[in-house]
Every structure is written in structure tokens, then in C-alpha cells.
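Student: One structure follows; several queries about it will come next.
The values are calculated or read from the model by the stated rules, or taken from the named source; none is laboratory data. Model, not experiment: these values are computed from the prediction. With ideal geometry, Cβ positions are generated from the backbone for all residues, glycine too; neighbour counts draw on all protein chains shown. Just so you know, the surface numbers come from the protein's heavy atoms only, side chains and all, with ligands and any DNA or RNA stripped out. Shrake-Rupley method; radii C 1.70, N 1.55, O 1.52, S 1.80 Å.
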Amino acid sequence: MARPAPLLLLLAAVCLVAAASAGGADAAERKATTVGVYELRKGDFSIRVTNWGAVIMSVVLPDSRGKLDDVVLGYDTIAEYVNSSTYFGALVGRVANRIAKARFVLDGKAYHLYPNDGKNTLHGGHRGFSNVTWTVKEHVGGGDAPYITLYYHSFDGEQGFPGALDVYVTYQLSGPYVLSVHMNATAAGKATPVNLAQHSYWNLGGAGSGDILGNTVQLFASRYTPVDAELIPTGQVAPVAGTPYDLRAPTPVGARVHLVTGGLSKTGATIYGFDTNYAVDGGDDVDAHAHALRRVAVVRDGKSGRSLELWANQPGVQFYTGNFLTADVKGKGGKAYGQYGALCLETQGFPDAVNHPNFPSVIVRPGQVYKHEMVYKFSF
């Protein structure tokens with residue numbers, strides 16, 4: 001997704017917050033709330049996760065020749081994630097994507113949020129779920145199905161959102177070269193919008209190996225939500241047929257990326273590339289938290305032979321082609337990623353759904369449980 005406002009946080013502050021929250025607790029509780037890095041490994045398939053922002057720091061798997069590569073963009077240190085504005089690998093919320101004019105009305109009451117993308121709210125505000133310390137509830141690093149479960153309590157009024165919210169995410173290596181993501185959230189006391197998204201940047205050739213313009217992408221989506229110049233949905237849900245947004249057949253990213261606009265630069269220049277919410281086929285006729293798994297996308301990298309197949313239960317998916325990555329964004333090993341250096345497939349409720357009654361609802365009321373399931377299947 002497009003650029004957020006800069007995040008003015010320091011790692012020292014993270015440590016202080018973690019220490020304060022653990023005051024008086026036993027050693028296990030202090031460890032659970034201290035920022036750390038946790039590995040899950042199943043043979044030659046592994047991921048690393050940090051409880052800062054519930055970030056997936058790395059995903060390592062073989063290519064068609066057996067060569068291991070890390071296929072997600074990111075950084076070498078937690079401090080770099082803390083001070084980043086890219087959302088590399090993070091779990092974003094309370095409401096992913098944009099909310100127009102940083103406001104919405106729910107049950108007759110207007111709520112005003114923290115604007116961090118011009119006059120709009122992006123990914124929950126300047127201190128969304130990607131910018132907080134999560135508690136490690138469980139961590140099993142090896143075995144047949146290694147996993148880690150993280151927890152965050154979002155307080156009533158955080159970033160302007162109503163009601164307290166208890167949020168869990170579990171990352172699991174659930175099969176041979178299968179990564180599952182299970183998110184759930186329970187509202188307490190008040191109804192609130194909930195729209196969580198996993199914001200990993202994928203380069204199946206290996207992070208820092210070049211751009212993804214040669215990748216082929218297939219999206220199982222016949223419609224999309226057009227946006228204005230600020231990337232706010234117009235409210236229309238339009239057919240992709242006959243437009244450059246039609247990716248229903250496998251299509252090289254480079255064949256379309258310069259035919260679609262993905263926002264404006266700080267100087268007002270047009271940025272080309274996808275930053276587009278697609279309505280997943282069969283998925284937008286009921287509430288965003290009540291779906292079965294459906295196939296969302298397939299991505300293939302010809303050079304490495306790697307493929308990614310994504311399944312999820314949300315009505316939408318944001319396809320983003322790293323339009324705002326620049327040469328000064330340096331990641332693991334000091335590599336400059338550059339524009340189009342990765343792509344994102346963020347399954348989600350529709351952007352700005354709180355302001356469009358015709359979109360699938362993202363409202364979770366007390367007693368309801370928001371559930372967001374994702375399954376990444378890799379092959380090579």
C-alpha cells in the first residue's frame with residue numbers, strides 16, 4: 001500500500017513500554033512482553049517473527065534448484081522496523097487501509113480518528129497495531145506444525161476507535177511449505193470496525209534480487225473498487241473486464257503496471273502501479289468476518305521457479321506493487337529494494353467500508369468474533 005506518515009518512535013521507548021506493562025509480573029510474563037525474535041522451522045522451510053507489530057521478518061524456502069532464499073522484504077534489526085514507515089511484514093489494524101477524512105459514524109455517533117495519510121487515516125493511525133508490542137502467548141518453534149500466537153489488547157478510544165478489542169494472531173507452518181495465518185478479534189463493550197491485514201512484501205526471487213515486473217499474477221476477482229486521487233474508494237464496485245485491472249488470467253506485472261495509477265508523489269507527480277482493492281469472487285455478499293476460504297491469487301516467478309498460492313476468507317484483497325519503494329529504502333544486508341521491488345497481497349474488508357453502506361460490513365459488535373484466515377501455499 002502507499003506511503004504512511006513517518007513513524008517517530010525509538011526502540012528505547014519500546015523497551016520502556018514493555019517493561020512498564022510487565023511491572024509486577026513474573027519472569028515468564030516479562031519475557032512474553034519483551035520485544036524479541038522467534039523462529040518457526042519445518043525442514044528447510046522457516047520463518048522469523050517479532051512481537052513488535054506482529055511482523056513476519058523472514059520467510060525462507062528453496063527454489064527449483066534447492067537454493068534457499070528469504071522471499072519477503074524487511075530489515076536486519078528490530079530497531080529498523082520500529083523506525084520504518086513501510087509496514088514490512090506487519091499486522092496492520094485496527095482498520096487496515098484508508099478511512100476517508102479520518103472519521104466515520106457508527107450507531108448515530110461520529111468518531112474522529114488520527115489522520116496519518118494526509119487528511120485520511122491509514123492502517124489504524126500513527127500508532128496502529130503495526131506499531132505496538134504484542135504479547136507472546138505460545139511459541140512452538142519446531143515439530144510437525146510449529147506456531148506462534150501473539151496477543152494485543154487495544155483500549156477503548158485508541159487512535160479514536162470505539163471500544164476495547166482483544167486481538168490474537170497465530171502464524172503456523174501447517175504443512176509442507178504452507179504458512180497459515182489465523183487472526184481473530186473480540187469486541188468488548190462497544191461496536192467497532194475491525195479490518196486486520198497481513199502486510200508482507202513478497203519477492204519470490206529473493207528479497208533484494210530485483211523487481212517483480214517479470215512475475216505473473218492471477219487474481220480470482222472479477223470486480224474492483226475504483227478510487228480517487230487520494231486512493232479513497234468512490235463507492236463503486238466495477239467490473240475489471242476490458243480494463244488494465246483485469247488479472248483473471250496469469251499476467252506479467254510489467255505488462256500492466258504502467259497502465260494504472262497508484263497515487264501521487266509528495267510533489268504531486270503521478271505514481272504508476274497497482275494499489276488496488278479487488279472484490280474476491282464469491283466473497284463480498286456477506287459481512288467481512290463471515291466467509292469460507294476461497295482462492296485469492298497465484299504468483300509465479302519464472303527465474304526461481306517459485307510460486308505462491310493464496311487462500312483467504314475475506315471479501316477483498318489489496319494488490320500493491322511497491323510503487324512507493326525507492327532506492328533509499330535499504331533492507332536486509334543493506335540492499336536497496338527500489339520501486340516495484342516486491343508485491344503485496346493484503347486480504348481484507350473493503351477500504352473505507354465504514355463510510356460506504358454498500359460495501360461488506362466490517363463492524364464487530366460485542367459478542368461477535370472477527371475471524372480472518374489466510375493460507376499461503378508455496379511450490380517450486
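Student: When the scattering of the chain is computed by the Debye formula from its Cα atoms alone, each counted once and equally, what is log10 I(q)/I(0) at q = 0.07, 0.12, 0.13, 0.14 Å⁻¹?
Tutor: -0.27, -0.87, -1.04, -1.23
Student: Across all directions of projection, what mean area in square nanometres is found for the Cα convex hull of the stretch 235-380?
Tutor: 11.2 nm²
Student: Post the alpha-carbon centroid distance, the stretch 216-287 to the stretch 111-156, in whole angstrom.
Tutor: Going from one Cα centre to the other spans 26 Å.
Student: With a 1.4 Å probe and all protein chains kept in place, how much accessible area does R41 have, in Å² rounded to the nearest 10?
Tutor: 100 Å²
Student: Further question on the same structure: Pull up the cross-link candidates among the lysines for K109, meaning alpha carbon to alpha carbon under 19 Å and not fewer than 8 places away within one chain.
Tutor: K101, K190
Student: While we're looking at this one, here's another question. What is the gain in length, in nm to one decimal, between S64 and Q236 on full extension, counting 0.36 nm per residue of separation less the C-alpha to C-alpha distance? List each step's numbers first, then the result.
Tutor: On the way: separation 172, 0.36 × 172 = 61.92 nm, distance 4.19 nm.
Fully extending the segment from S64 to Q236 adds 57.7 nm.
Student: Straight-line reach only, C-alpha to C-alpha below 17 angstrom: list the lysines that K67 could link to, leaving out same-chain residues fewer than 8 apart.
Tutor: The reachable lysines, counting only those whose Cα sits under 17 Å from K67, are K42, K303.
Student: Given the options N215, N131, N358, which has the most mean-square fluctuation in a GNM of the chain, springs set between C-alpha atoms less than 10 angstrom apart?
Tutor: Maximum fluctuation in the GNM of the chain, among the listed residues, is at N358.
Student: Could you check how much of the accessible area of the chain is carbon and sulfur, as a whole percent, using a 1.4 Å probe?
Tutor: Heavy-atom surface of the chain belonging to carbon and sulfur, 1.4 Å probe: 55 percent.
Student: What are the aspartates and glutamates whose alpha-carbon lies under 16 Å from the alpha-carbon of K119, with same-chain residues fewer than 8 places away excluded?
Tutor: By straight Cα distance, K119 reaches D228, E230, D352.
Student: Would you please state which residues of the stretch 360-380 a label at R41 would reach in this model, taking the label point 7 Å out along Cα→Cβ and a backbone N cut-off of under 20 Å?
Tutor: none
Student: By how many nm would the segment from N83 to A191 lengthen if fully extended, with 0.36 nm per residue of separation less the alpha-carbon distance? Don't skip to the end; give the middle numbers.
Tutor: On the way: separation 108, 0.36 × 108 = 38.88 nm, distance 3.20 nm.
The span from N83 to A191 would gain 35.7 nm if fully extended.
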